[in-house]
1. Starting from the Cα of Asp373, move 7 Å in the Cα-to-Cβ direction to define the label point; list residues of segment 1-22 whose amide nitrogen is under 20 Å from there.
2. Starting from segment 1-52, pick out the chymotrypsin sites (Phe, Trp or Tyr not before Pro) whose DSSP state is loop and whose Cβ has at most 16 other Cβ atoms within 10 Å.
3. If I model a spin label at Ala215 and Glu303 as a point 7 Å from the Cα along the Cα→Cβ vector, what separation in nanometres do I get?
4. Along Cα→Cβ, 7 Å out, is where each label goes; now give me the distance between the ones at Glu282 and Ala392 in nm to one decimal.
5. Dipole of segment 35-97, Cα-centred, from +1 at each Lys and Arg C-beta and -1 at each Asp and Glu C-beta, to the nearest 20 debye?
6. Based on the Cβ-Cβ distance of Thr319 and Asn347, what FRET efficiency does E = 1/(1 + (r/R0)^6) give at R0 = 22 Å, to the nearest 0.05?
7. Which of the GluC sites (Glu not before Pro) found in segment 1-86 are in a DSSP loop and have at most 15 neighbouring Cβ atoms, other than their own, within 10 Å?
8. How long is the gain from Glu383 to Ala124 if the chain were fully straight, where each residue apart is worth 0.36 nm and the alpha carbon distance is subtracted?
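Quick note: the coordinates plus some simple rules give every number you see, no bench work behind them. Quick caveat: nothing in here was measured; it's all calculated off a predicted structure. Please note: Cβ atoms are built from the backbone with ideal geometry, for glycine as well, and neighbour counts cover all protein chains shown.
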Amino acid sequence: MPNWFTTRTDEELATAAHRLFVETFAEDEAGAAAPEPVGVWAAPGRVNLIGEHIDYAGGASIPFALEQNTAVAVRPRTDGAIRIASEFDGSVAQACVPLSSVWPRHPADWSGYVAGTIWAAVEADLLQCDGLDIAIVSDVPVGSGLSSSAALECSIAVAAYELDHGHLPDDAARAGLVEACIRAENEVVGASTGGLDQNASLFGQRGKALFLDFATGAVERIPFDIASQDLVLLIADTNAPHTLSDGQYASRRGIIDDVQSAAGCTIRDIPDAVDFAATVAEKSSDSAELYQRRVRHVVEETERTLSAASVLCASDMDTFRQLMRDSHVSLRDLYEVTTPELDSAFNAAGEFGARMTGGGFGGAVIALIAKDDVDATAQAIEEAAAQQGFPAPTFVVARPGEGARRLH
Ligand code: ADP
Ligand code: MG
């Protein structure tokens, strides 16, 4: 039987966050009964539909916000402390971070995502904060490539924003919060992130995907109303260990950076980029054929993603499914970032409408399928993995849900 990640309703998640808050902060420091949280906010994880390994080449991506959320129950403090309890990995982790002690690379553990977001938002004059008590519960799988880190940052960001301003952020304020969340992750925790995750978590809308254009910075909501077509996106986390990913990632990125710096612009703006890549390769120890293969992926994946945006606007799901398949084949044969586990899940899902998602070298495969085919497809992916001795995958059904918001 396939393994499934659990997903609670908004109501259940809000109740769990509220309960954790009361259990953790039941007494104030003087032993008196402490008040309840003033509210519960939530932000979703995300999945990328198409547009992989092109963000650093002036490309585009089409992610959407999941219905799986991180929820935070929050109450303001007045002493500058951020006290945090998070139900995470089967136990409750706790931390207390004075806002005055947050700076680059401190705290660099999980509490840095929380305190770092508030610090960066205050530094950017987006809000004021004199401390918070925060209880966190989450249904976003951690480290599965569905961006639990952005869900955490963005739930904190909207909570702190509304507590200060008395209302939720509009789109302009959300754009500012995206930058604060990126800064928390890059500078405080020291993890690299380019903003796709935070944009999806803050700008997501039910029935919509997001078109993110990395050349212009534009974020546009486009239709992805799969529910009305009785479709769902099945996500299969292969649970395969990420192997060699740092060096492999760097070598691919190195080729793209090499070509872009020789041209003085992004791949997207180089006419005949594939031919141009061969001339750049002559000065390196890699072969021209390798340079051309890598750049061809970037050029074609960018074209695919731009046409996917138009195809989705026309609700042409058959063409979109073909583009998903072509994307996987390109990531497998030209960019070479798939693994046997990812290729197995892709084949077992029927290829058409399936592809790996995320950076590759492990992670998840997605399949856009009829709602009624979910169990059979999960079964086929699981059996294929078992036959080849791969780890049993974990599954989740995904539909486009709401971005960061108040639950209670
Ligand atoms: P992903 O974002 O793909 O899930 P990352 O490595 O970017 O993976 O982020 C995972 C890290 O984010 C965790 O190791 C932990 O430090 C932090 N994190 C995510 N969710 C939570 C949570 N609910 N509570 C505490 N920390 C969390
Ligand atoms: Mg992350």
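1. 2-3, by backbone N distance to the label point.
2. Phe5
3. 1.4
4. 5.7
5. Charge dipole, segment 35-97, about its Cα centre: 220 debye, nearest 20.
6. E(calc), rounded to 0.05, equals 0.55.
7. Glu29
8. 88.2 nm
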